[in-house]
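The values are calculated or read from the model by the stated rules, or taken from the named source; none is laboratory data. All values derive from a computational prediction rather than experimental measurement. Here the Cβ positions follow ideal geometry from the backbone for every residue, glycine too, while neighbour counts run over all protein chains shown.
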C-alpha cells in the first residue's frame, strides 16, 4: 500500500494545476463578494452605525491572510518591500503624468473650476494625502497582492489577468460611472506595474495622488460625492 506522500507525488501535475487555478478563481470570487456585500448591502443598511460595515471586510482580510499563509507567500513577494520602490515609481510616473494631463483637459472642457484644495475640505491637504496613502495601500493590497496574484494563477501574467483586475476594480465602483471609468484606467496601470515590479508602497502613493487629481479636476456632480453601491442613489 502506498503512503500518503507517495500518493501525493503521483498526482497528475496537470490535475494539480487545474485544481490550483480553480481554487484561485474561487478565492477571487470570495473576496469580491465580501466587498460587494459591504458596499451594496451593509453600507446602505447601516445608517449611522458604520462599524457594522467592518464585519464582512474583517472576514475578507482574515481569509486573505490565511490564504497567504497556506500558499507560503512572503511579504516581499506580496510587494511589501522597499528595494524596488524606485523602479516601480519610475514605471508609474509616465502614465500618471498622462492621466493628469487628460484630467486637466476634462476639467477645462467641462468648464468646471479646477481646485486642488477641494479634496482636503476643512482638513490640511497634507493630512488628507497621508490618509489617502493609507487608504490606497489598503486597496492596493487587496487589488494587487491578493486579486492580481490569484488572477495570475488563473490566467498567467499578461493582459488577461491585468484586465480582469482592472474590471473588478471598476466594477466595485459601480454604479458611479465616472469612477468606474477612471478606476478601470487606474486599475490597468497599477496591475501592469505590479506584475512587472511588485511594490505596494509606490502604488499606494500613486493611488493617493491620482485620487487628489481626480477630485480636483472632475466636476463634483459627475463624481456624485464618490458614493458607491446603493448609497449612490441616496
**Message:** I'd like the residue in region 100-116 that is more than 24 Å from the chain's Cα centre (by Cα) and loosely packed, with under 12 Cβ neighbours inside 10 Å and, out of all such residues, is nearest to residue 165 (Cα to Cα).
**Reply:** 105
**Within region 144-168, tally of residues that are surrounded by fewer than 22 Cβ atoms within 10 Å (Cβ to Cβ) and under 14 Å from residue 35 (Cα atoms)** = 0
**Asked** Under 9 Å by Cβ, and 6 or more places apart or on different chains, what pairs join a residue from region 25-44 that is within 18 Å of residue 226 (Cα to Cα) with one that is at pLDDT 95 or above and part of a helix (DSSP H, G or I)?
**Response** 35/142
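Step by step: first the residues of region 202-234, then only those that are more than 17 Å from the chain's Cα centre (by Cα) and outside any helix (DSSP H, G or I), then the one that is surrounded by the most Cβ atoms within 10 Å (Cβ to Cβ). Which residue is that?
In the first step, residues of region 202-234 are kept if they are more than 17 Å from the chain's Cα centre (by Cα); the result is 213, 215-225, 230-234.
With outside any helix (DSSP H, G or I) added as a condition, the list becomes 218-219, 234.
Working: 218: 19, 219: 14, 234: 7.
The extreme case among them is 218.
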**Item:** Considering residues of region 174-187 that are crowded, with 22+ Cβ neighbours inside 10 Å and under 12 Å from the mean Cα position of the chain (by Cα) only, the residue farthest from residue 219 (Cα to Cα)
**Value:** 187
